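**Q** Quick one: structure below, then a few questions.
The values are calculated or read from the model by the stated rules, or taken from the named source; none is laboratory data. No experiment lies behind these values; they were computed from the predicted model shown. For neighbour counting, all protein chains shown are included, and Cβ atoms are generated from backbone atoms with ideal geometry for every residue, glycine included. All accessible areas refer to the heavy atoms of the entire protein, side chains included, with ligands and DNA or RNA removed. Shrake-Rupley method; radii C 1.70, N 1.55, O 1.52, S 1.80 Å.
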Amino acid sequence: MFKIERKKKLFDIYFSGMRFSLLETRIAFARILRHYTLVQCEKTASELKTAVNSIYCPSDGVWVKAVKRT
């Protein structure tokens, strides 16, 4: 019984830490977007073609640049 409770506790600690780090990442990204606007870069093709093995992934990628808001 002790081993099962210990494993559950370790499992909860591990995944609560992952959720916290994901939350921190989202907050940091939101703070960045408050001060910058993402704009399509010249490297991005005007017509996006999807990769052969994926529906949502463009074959040449999407390039963006961050422009400071005024």
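**Q** Filter region 61-70 for residues that are open to solvent by 60 Å² or more (accessible area, probe 1.4 Å), free of Cβ contacts under 8 Å to residues at least 24 places away in the same chain and under 19 Å from the mean Cα position of the chain (by Cα) and give the result.
**A** 62, 63
**Q** Restricting the search to region 44-59, which residues are among the small types (Gly, Ala, Ser), open to solvent by 100 Å² or more (accessible area, probe 1.4 Å) and within 20 Å of the chain's Cα centre (by Cα)?
**A** Correct list: empty.
**Q** Could you give every pair whose Cβ atoms fall below 7 Å, whose first residue belongs to region 17-43 and is more than 13 Å from residue 64 (Cβ to Cβ), and whose second residue is loosely packed, with under 10 Cβ neighbours inside 10 Å, counting only separations of at least 6 or pairs across chains?
**A** 35/68; 35/69
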